[in-house]
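Each reported figure results from applying straightforward, stated rules to the coordinates on display, with no laboratory input. The structure displayed is predicted, hence computed values, not measured ones. Backbone-built Cβ (ideal geometry, glycine too); neighbour counts: all protein chains shown.
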Amino acid sequence: MARKKFLTYILFFVLLLCFYMKNIFPQQNSTQKNLNLALVIPVNFNPLLNQNSDMDNILKLIFEPMIKFQNEKPINNLVSEINFDGNVANITLRQDIFWSDKTNLTADDVLFSIQQIKSSDPNSIYYVSGENIISAQKISKYELKIIFANSNFPSIYLLNFPVIPKKFFSDSNQNIKNLISDGAYKINMYKRQKNILLQKNPNYFGNEHEFETINIFIVPDYETKIDAFNQSIIDLIQTDSNDLGKFKTDANKIFYPTNQLEFIFFNPNNNLFNIEQIYNAVKNIIPIDQIIKKNNIETSCLSTKIDLIEQEQVKKIINLNINPDLKIKILVNQENPARIKIANLIQKSFSEYNISAIVDKKSFADYIQAINKKDFDILIGGFLPKQKLNYEKLFGSENILAYQNDLLINDLNLINQSSDWNIFSNQIKKLNHDVKTSSKIIILGNTKKIILANKKIRIENLAF
């Protein structure tokens, strides 16, 4: 009797789960021309006030940014020309950009967008873009100037924000179905807490995208999203290497870099690392290539290339100068499995040269405290730049490591004074050289996010 009751409960639970999933995910057909996605609530259709990275990815299909990046170099998108005069950017907009209602995108839309950014919450996606803007002024229908608080050419990286239509978002009676778009897609239908249906924008100025429609289910949490992907209800999901075990194993994987930069820092208070010969030998023991490969790290223009020393020479230097009883402490935050993996790889590599190392795994709060106290020999860390190719947090006068290096600070000042791309990129190369030769930091590169795609979706169709 008890067993019957138990089976009845199980059956009831399964039926309830099926009903729940059917309610959230009504029948939708995925084809090569249609794509199903999922979005965790809340939903904010204003990309400049939005704080949700998933929603930001959706809105990038609807609204285009002022500039884009190609191999880290900024390229014009909505603008035809940008000229810097000190901290003033004189901008001319393209006249062939239309909203989906066939009206032109104008300087009024850009000025309104800047006002929205400057009034946004500090947690909003594009808040940092407004921090360095003092003011903006309309010159004509397609011309404006933006005055930045500091720096010259590097300020262009702050213009990677989407422009939104003033006439829609300044209206207090907004109907999302009437939201106009300058991106690849526009909204066809929106059912609150149910789904968003996007369809191609016929007035889009860029390359035509593969999918005719994109259906986005609105779900309560990330776990529901995972279940939907594993049941092939949705076609794509973004994740990272820490969560891969939660997904079906036959999914296609697409890796793409984030702005998060990972590094290895040698404590300058450890006298061993202040002797150039020993420091270079120790750097040669760090298995950089293995670390990058096993942790899905994307090398960048600042990634450190170690000057290689003959293995026998490394062994000789280590044997003569490092006491076998010495223990090297490698500090890492225990919440980050990727960094723990890096620390373990270094520990293993050190052991091959008879160097004893311990991996000191601490909670994030204790990890920060240990950094401040310099209670480590080697630190595995990372940071998120305020903007692309901005390294103030790592090398500036008030950096996160409290590491003062006048040469690197001077390099940053020269980068900030760059007046064009050529000068800027050359100064970045100089910074890279000085980090390698005159600092206690190894830059690994950027972490990667992963997009998982169901087998029925061709990866070549995912260019957006």
Problem set entry | Check: the chain dipole with +1 on Lys, Arg Cβ and -1 on Asp, Glu Cβ, in debye | 1560 debye
Seminar exercise, completed: Amide H neighbours of Met189 at under 5 Å, excluding residues fewer than 5 places away on the same chain, with H built from the backbone geometry, are Leu197
Exercise. Could you give me the ³J(HN,Hα) list for the range 319-325, computed from phi with Karplus coefficients 6.51, -1.76, 1.60 and θ = phi - 60°, whole Hz, x at Gly and Pro?
Worked result: 4, 7, 10, 10, 5, x, 7
For this session: With a/c under 1.5 counting as rounded, go ahead and sort the range 30-216 into rounded, prolate or oblate using the C-alpha gyration tensor (a ≥ b ≥ c being the square roots of the eigenvalues; past the cut-off, prolate if a/b is larger than b/c, else oblate).
Result: prolate
Exercise. Using the Cβ atoms and a cut-off under 9 Å, what net charge is assigned to the surroundings of Asp108, where Lys and Arg are +1 and Asp and Glu are -1?
Worked result: +3
Problem set entry | 3J(HN,Hα) from dihedral phi, the range 182-196, Karplus parametrisation 6.51/-1.76/1.60, rounded to Hz, x for glycine, proline | 10, x, 5, 10, 10, 7, 9, 7, 9, 10, 3, 6, 10, 6, 10
Problem set entry | Of Lys294/Lys362; Lys194/Lys248; Lys283/Lys388; Lys73/Lys167, pairs whose Cα-Cα distance is over 30 Å | Lys73/Lys167
For this session: Calculate one ³J(HN,Hα) per residue across the range 283-294 by plugging θ = phi - 60° into the Karplus curve 6.51 cos²θ - 1.76 cosθ + 1.60, and present them in order as whole Hz with x for glycine and proline.
Result: 4, 5, 7, 5, x, 3, 4, 5, 4, 5, 5, 6
Exercise. Tally Lys and Arg at +1 and Asp and Glu at -1 over the other residues with C-beta under 12 Å from the C-beta of Leu452: what net charge comes out?
Worked result: +2
For this session: Would you pull out the residues with amide H under 5 Å of Gly445's amide H, same chain only if 5 or more places away, H placed 1.01 Å from N?
Result: Glu262
Exercise. Expressed as a whole number of Å, what is the distance separating the alpha-carbon centroids of the range 224-296 and the range 83-145?
Worked result: 36 Å
Problem set entry | Summed side-chain charge close to Tyr403 - residues other than Tyr403 whose Cβ falls under 10 Å, Lys, Arg +1, Asp, Glu -1 | +2
For this session: State, as an integer percentage, the relative contact order of the range 388-453 based on alpha-carbon contacts under 8 Å between residues 6 or more apart.
Result: 21 percent
For this session: Go through [x] 1.69; [y] 1.05; [z] 1.14 and flag the label whose value is the computed Cα Rg over 2.2 N^0.38 Å for this structure.
Result: [z]
Exercise. Under a 5 Å amide H to amide H cut-off, with H placed in plane at 1.01 Å, what residues pair with Leu37 once short-range neighbours are removed?
Worked result: Asn215, Ile216, Phe217, Asp235
